[in-house]
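All remarks here apply to the structure that follows.
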Protein chains: 4
Amino acid sequence: MVSSNLFAVVAGVGPGTGAAVARKFASAYPVALLARSPENYEGLVKEINSSGGKAIGISTDVASEESVKSAFEKIKKEWGSDGCAAAIFNASGKFVRKPLLEMSVDDFVAGWDVSCKGAFIFSQATLPLLLNAAPKSEHPPTLIFTGATASVKANALMSGFANAKFALRALSTSIAKEFAPKGIHVAHAVIDGVIDIPRTKDWLKDMPPEAKIDADEIAAAYWNLHLQGKRAFTNEIDIRPMLEKW
Amino acid sequence: MVSSNLFAVVAGVGPGTGAAVARKFASAYPVALLARSPENYEGLVKEINSSGGKAIGISTDVASEESVKSAFEKIKKEWGSDGCAAAIFNASGKFVRKPLLEMSVDDFVAGWDVSCKGAFIFSQATLPLLLNAAPKSEHPPTLIFTGATASVKANALMSGFANAKFALRALSTSIAKEFAPKGIHVAHAVIDGVIDIPRTKDWLKDMPPEAKIDADEIAAAYWNLHLQGKRAFTNEIDIRPMLEKW
Amino acid sequence: MVSSNLFAVVAGVGPGTGAAVARKFASAYPVALLARSPENYEGLVKEINSSGGKAIGISTDVASEESVKSAFEKIKKEWGSDGCAAAIFNASGKFVRKPLLEMSVDDFVAGWDVSCKGAFIFSQATLPLLLNAAPKSEHPPTLIFTGATASVKANALMSGFANAKFALRALSTSIAKEFAPKGIHVAHAVIDGVIDIPRTKDWLKDMPPEAKIDADEIAAAYWNLHLQGKRAFTNEIDIRPMLEKW
Amino acid sequence: MVSSNLFAVVAGVGPGTGAAVARKFASAYPVALLARSPENYEGLVKEINSSGGKAIGISTDVASEESVKSAFEKIKKEWGSDGCAAAIFNASGKFVRKPLLEMSVDDFVAGWDVSCKGAFIFSQATLPLLLNAAPKSEHPPTLIFTGATASVKANALMSGFANAKFALRALSTSIAKEFAPKGIHVAHAVIDGVIDIPRTKDWLKDMPPEAKIDADEIAAAYWNLHLQGKRAFTNEIDIRPMLEKW
């Protein structure tokens with residue numbers, strides 16, 4: 001167990017990766033869970049608090065600077081500004097699969113607004129706290145971005161999602177290069193496959209479980225990224241289930 | 001000379017690539033030149049019109065759907081809606097080189113807004129006209145996006161520019177995959193180096209001319225992309241000067 | 001027409017890309033055609049010589065240093081060592097599609113031996129002649145390597161072909177970086193699709209012609225690479241037919 | 001501790017990554033250490049055996065099919081053919097940094113021969129044993145290849161090393177795609193930086209320790225790859241020290 005003054009924050013908490021990551025990091029740190037809708041974190045906050053961890057949930061729109069600022073004021077009120085040991089950005093913009101000529105500009109903007117602008121705003125809020133944590137954190141403070149197949153492959157009808165995820169990957173690399181010399185570990189994960197969550201339970205139904213990603217395994221991978229020392233930062237991993245075609 | 005009903009359009013006309021591309025395509029098509037500020041196209045419009053070509057200039061903010069729509073209405077008034085043989089998107093968002101924590105959200109958004117959202121809006125305006133042109137154009141109608149080093153490499157302090165250029169590259173690929181089967185040729189150019197224009201005349205001063213890219217050569221490369229037939233589309237090229245380190 | 005003392009050389013002449021490239025470059029230069037089996041170049045040599053060009057064919061095993069040296073001695077005997085304006089490496093190792101455990105070491109080596117070691121040997125033979133040509137050639141002397149889908153995508157059962165093509169791409173880039181400052185233009189082409197040649201006539205039979213690449217279009221693209229000036233080298237292009245899925 | 005019938009094998013054991021990986025995996029499995037020269041493994045074999053683990057060393061030339069076959073016969077004699085839980089290929093061909101025209105064909109071949117052909121031969125020897133282990137291994141049997149900066153970046157003067165490392169990366173991906181559906185986890189690590197070993201002690205001398213990679217951290221990353229379940233395979237990671245420029 002590391003210093004209890006340091007906390008972790010997860011943006012984009014839902015029933016899949018976000019929740020699994022929150023549970024994992026909650027075993028070591030108090031965790032702040034950000035999601036637009038409280039129903040996405042309420043149960044989880046109770047679960048963590050009742051099982052020996054500490055969690056707070058904050059309704060946040062990551063695409064809004066004001067909303068993110070307000071969320072971090074609440075976090076500071078709770079745990080001070082000693083620092084943040086780990087910040088995970090797991091929010092994604094609306095997934096719109098449409099022919100280009102049928103997309104509205106709003107459809108198109110919606111993807112980047114959350115996935116990339118949101119990641120930028122979240123990074124600006126967390127990096128000063130990650131820097132604060134650097135001298136006292138057992139493990140290099142870590143900022144992780146969740147990517148997707150579309151981070152490296154832009155398919156037809158996916159222009160909204162893919163441009164945003166490519167953009168996020170660039171943002172992650174740029175921040176990694178700027179902040180690594182200051183001891184901050186920035187990583188990007190290309191999640192290449194369907195995550196096994198309630199919403200996807202009817203997908204790939206005729207396939208064995210190994211056709212979908214287990215969100216707890218993503219959480220374990222993120223945790224291992226956090227454990228890496230300053231002399232071996234991994235800045236990108238891919239994750240796919242055994243039966244994925246790629 | 002191909003059918004005079006077909007036109008070409010260049011967005012992002014300035015003293016470098018845009019002007020060179022406009023001149024090149026003006027030797028075959030009437031060209032519409034879009035730029036925010038009229039001073040960026042006025043001289044060129046005169047030059048093309050007085051040397052046997054046809055050109056119009058339209059003050060346009062590519063990041064604004066309204067502005068782009070209005071520009072294309074003017075184009076249709078001029079040349080009808082028979083079709084567009086070539087559309088070149090050469091606009092770039094504000095180039096901001098700043099530490100992440102010193103960037104404003106507006107700084108960050110400004111890059112993507114023009115480079116990627118602008119490219120999306122421009123694509124939506126031009127693709128129907130490119131599709132119209134497909135049956136009658138001598139060469140497959142062509143949509144070209146100008147990228148940069150930052151399209152494939154995200155460096156420190158470049159988060160605004162790089163995320164936008166990565167995003168543009170994804171957009172280009174997604175459109176290429178959707179529209180190639182309809183006979184539209186979409187290409188992305190990674191311009192990897194300093195272009196030799198008035199604004200960069202003091203850059204790399206101690207180096208020979210081969211340290212900078214000649215904009216006319218970019219225009220020649222774009223033209224060659226346009227000449228490619230349906231059985232050999234190039235979807236990405238890189239361009240760098242002989243003395244570039246990469 | 002450029003100086004008649006400069007020649008072009010094409011390694012890997014067969015009925016597809018090699019022949020098309022040879023014809024294209026023969027319109028400007030005397031061409032030396034290298035292929036293992038004389039039947040691959042004999043008809044073409046006659047065709048070029050009888051239609052106003054100059055061509056010689058030399059039976060060559062590009063994977064053998066001795067064989068390549070001997071070929072270039074014949075070339076020098078014919079045209080002197082004034083220099084080579086363009087060298088195209090189009091040879092490919094045996095294409096073996098097999099489960100990994102069913103491949104022999106010889107199967108595996110055969111791919112790299114021709115595609116990459118052959119390219120290295122060919123480059124060592126041609127680069128001094130390309131350097132010789134640099135001061136007098138109208139266009140920067142050009143060395144082009146033919147790649148494939150497998151240059152950037154390594155699929156199951158393709159370990160022999162893909163490792164060799166990835167390797168070739170690295171070789172091309174390394175040579176490009178070393179020799180660009182000396183005025184040599186090195187380029188790599190990712191040919192992503194089935195080329196329309198006699199051997200592939202039954203492939204994609206139910207598809208329109210736009211499902212296959214026209215070898216003459218590859219030749220046109222290579223020629224355009226050769227025409228590029230020192231201030232705008234393209235080091236990589238991809239080429240695919242309109243109907244290719246990618 | 002997992003089943004004692006399963007073993008691990010490390011090819012390319014030297015004082016850096018190989019030794020660190022061997023120590024790490026020796027805490028769970030008997031380990032077979034392969035290196036050309038016995039002095040590369042003798043001390044380590046003693047160390048592991050005297051500290052509660054089990055290790056054997058076998059002088060092996062991974063570029064020779066005969067030599068590798070003979071090594072695996074020795075391993076089977078020792079531990080049966082129940083299976084291999086983890087196989088790590090860490091051997092690299094001769095690192096030759098030379099102008100292209102000064103390299104011999106032997107220089108060039110030497111890189112690929114070990115780094116890629118050796119990896120192929122090693123894979124053919126280990127995959128049947130990894131497949132055997134699949135039903136009984138606690139963790140999906142794992143095959144890991146050690147790459148380098150040159151796996152993704154081909155610089156001037158590095159044609160021998162880079163072509164081999166690009167080739168190895170393709171081999172790794174091809175095997176990963178073929179064997180993942182059979183439950184084998186194949187991963188490639190891009191080691192991007194100087195590893196802190198006796199041979200590099202004078203490199204980057206004026207820099208803090210965070211300028212070099214700690215081999216134990218590479219071993220930890222490889223171990224974490226091995227621990228991943230079938231529903232979340234990572235097929236590629238990069239590893240670099242905090243102060244690396246990239």
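Annotations for the structure displayed:
- Restricting attention to region B:75-106, the residues that are charged (D, E, K, R) and in a loop (DSSP other than H, G, I, E, B) add up to 4.
- The residues of region B:233-245 that are part of a loop (DSSP other than H, G, I, E, B) and either crowded, with 24+ Cβ neighbours inside 10 Å or within 7 Å of another protein chain (Cβ to nearest Cβ) (or both), listed by number, are B:Thr234, B:Asn235, B:Pro241, B:Met242, B:Leu243.
- Taken together, B:Ala28, B:Ala71, B:Ala32 contain a single residue that is of a type in the set (Gly, Ala, Ser), assigned to a strand (DSSP E or B) and more than 28 Å from A:Gln124 (Cβ to Cβ), which is B:Ala32.
- Residues of region A:72-117 satisfying the condition of being small (Gly, Ala, Ser) and in contact with a helix residue (DSSP H, G or I) (Cβ under 8 Å, 6 or more places away or on another chain): A:Ser81, A:Gly83, A:Ala85, A:Ala86, A:Ala87, A:Ala91, A:Ser92, A:Gly93, A:Ala110, A:Gly111, A:Ser115
- Count of region C:44-98 residues which are open to solvent by less than 60 Å² (accessible area, probe 1.4 Å) and touching an Asp or Glu at 6+ places or on another chain (Cβ under 7 Å): 6
- Of the helices (runs of 4 or more DSSP H) contained entirely in region B:117-232, those carrying at least 3 residues that are within 9 Å of another protein chain (Cβ to nearest Cβ), without any contact (Cβ under 8 Å) to a residue 40 or more places away in the chain and within 30 Å of B:Ser104 (Cβ to Cβ) fall at B:159-179.
- All of C:Gly147, C:Gly193 fail the test of being surrounded by 22 or more Cβ atoms within 10 Å (Cβ to Cβ) and on the phi > 0 side of the Ramachandran plot, apart from C:Gly193.
- Residues in region B:1-43 that are among the polar types (S, T, N, Q), touching a residue at least 40 places away in the same chain (Cβ under 8 Å) and surrounded by fewer than 22 Cβ atoms within 10 Å (Cβ to Cβ): B:Ser3, B:Asn5.
- Hits in region C:116-126 (condition: in contact with a Lys or Arg (Cβ under 9 Å, 6 or more places away or on another chain) and among the aliphatic types (A, V, I, L, M)): C:Ile121, C:Ala125
The values are calculated or read from the model by the stated rules, or taken from the named source; none is laboratory data. Values in this document were obtained by computation on a predicted structure and should not be read as measured data. Heads up, the Cβs are rebuilt from the backbone with ideal geometry, glycines too, and the neighbour counts pull from every protein chain shown. Just the protein is used for accessible areas: all its heavy atoms, side chains included, with ligands, DNA and RNA removed. Shrake-Rupley method; radii C 1.70, N 1.55, O 1.52, S 1.80 Å.
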